[in-house]
Amino acid sequence: MKLRSVNWFGLLALVAVGCSDGYGGGAGVVPDVVFIPADTAGAGETAAAGETVEAAGFGSITGKVSLSGDFSPLAPLIKQGAEVKDKEVCAAVDIPDERLVVGEGNGVANVFVYLPKAPKGGKALETPAEPLVFDQKNCRFFPHCSIVPVKQVVKVLSDDTVAHNTHTFPAKNNSVNNGVAPMDREGKLTYSLTKSENTPFAIKCDYHTWMNAWQLPVDHPYATVTDANGSFTIADLPAGKHTFVVWHEAADGNYVERKLAVEVKAGETTEVKIDYPAARLKL
């Protein structure tokens, strides 16, 4: 409770102003389902990008990004036994083309879903004490896509018997361009990102030019990457209207949706189905 002074005909009165944060919900609440077709998502009245209409309480969203229409699975990026640099390591197994990974129910993996900025009334970012491990095996980065909280240490490892190079291409943060020794399981190369970015940035290996990964540094906890089957969850969102970015490396222009409007209700989980037309792919 806070006190506000009010001037009334020259007299000073103290008026107590109260507020209530009560909210309901729980395990028995049936989730709202919001279907967002790609050609109409974001239409109509929405909040400004990343902002929310203030309301008491917190809710969550859960959903799936699904590819629709005709498409063909991508052939391996590197076939086993192919004539490439350091083929005894880099062509020891098939290396998948991770630009498009489609799982169960045509769910699309490695799609970034995030608020472009911290929402009003949101929870503060808690930077993990443990480093994010960024590894290499058979001339392939692991993980291919990741959310990196600002100031979290990224530790670069290698499980390959050949040398690699980690070269980052951020828009706002300092770039990293360092060699990684063979079989470095200690992580001698580390870096951290001090600024959030508007979109994910690429990471490459200059020695093996097909190697590619993506990282998105954020200064709030409302960002995620879809799993192998295209599913995702973002918890503890302030109740209200939010506008999300849905970003994927294989989409024409990289955006599946620039402004995905979702309303979050206190104490509830809103289900979001995101349609990703195969016609939007640029491969």
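Quick note: the coordinates plus some simple rules give every number you see, no bench work behind them. Source: prediction; values computed, not measured. Counting neighbours? That spans all protein chains shown, and the Cβs are built from the backbone with ideal geometry, glycine included.
Note the full-extension length gain between Val133 and Ala75 as 0.36 nm times their separation in residues minus their Cα-Cα distance, in nm to one decimal.
Extending this stretch completely gives an extra 18.1 nm.
Under a 5 Å amide H cut-off, with hydrogens placed 1.01 Å from N, Val180 pairs with His164, Asn165, Thr166 among residues at least 5 apart or on other chains. Region 170-191 and region 95-155 have Cα centres lying 17 Å from one another. Taking amide H positions as modeled 1.01 Å from N, with prolines and chain starts lacking one, the residues under 5 Å from Asp97 and 5 or more places away or on another chain are Leu77. Per-residue 3J(HN,Hα) values for region 81-98, derived from phi via the Karplus relation 6.51 cos²θ - 1.76 cosθ + 1.60 with θ = phi - 60°, read x, 5, 7, 10, 4, 6, 5, 5, 10, 6, 10, 5, 9, 5, 9, x, 8, 7 Hz in sequence order (x marks Gly and Pro). Report the full-extension gain for the segment Ala202 to Lys85: residue separation times 0.36 nm, less the Cα-Cα distance, to one decimal in nm. Full extension of this stretch gives 40.0 nm more.
At an R0 of 25 angstrom, the distance between the Cβ atoms of Lys273 and Ala124 translates into a FRET efficiency of 0.25. Does region 126-283 classify as rounded, prolate or oblate by the C-alpha gyration tensor (a ≥ b ≥ c root eigenvalues; a/c under 1.5 gives rounded; else a/b over b/c gives prolate, otherwise oblate)? It is prolate, given that a/c is not under 1.5 and a/b is the larger ratio. Can you bin region 94-205 into rounded, prolate or oblate? Criterion: square roots of the alpha carbon gyration tensor eigenvalues sorted a ≥ b ≥ c, rounded for a/c under 1.5, prolate for a/b above b/c, oblate for the rest. Since a/c reaches 1.5 but b/c is at least a/b, the shape of region 94-205 is classed as oblate. For region 133-145, putting each phi into the Karplus relation 6.51 cos²θ - 1.76 cosθ + 1.60 with θ = phi - 60° gives couplings of 8, 10, 10, 9, 8, 6, 6, 9, 7, 9, x, 5, 9 Hz, in residue order, rounded to whole numbers and with x for Gly and Pro. Taking a label point 7 Å from the Cα of Ala92 along the Cα→Cβ vector, which residues of region 113-135 have an amide N closer than 20 Å to it? Of the residues in region 113-135, 134-135 have backbone N under 20 Å from the label point off Ala92. Among rounded, prolate and oblate, which fits region 108-147 when a ≥ b ≥ c are the square roots of the eigenvalues of its C-alpha gyration tensor, a/c under 1.5 means rounded, and a/b larger than b/c means prolate? The shape class here is oblate.
Among the listed pairs Lys85/Lys195; Lys87/Lys155; Lys79/Lys117; Lys79/Lys195, those with a Cα-Cα distance over 32 Å are Lys85/Lys195; Lys79/Lys117; Lys79/Lys195.
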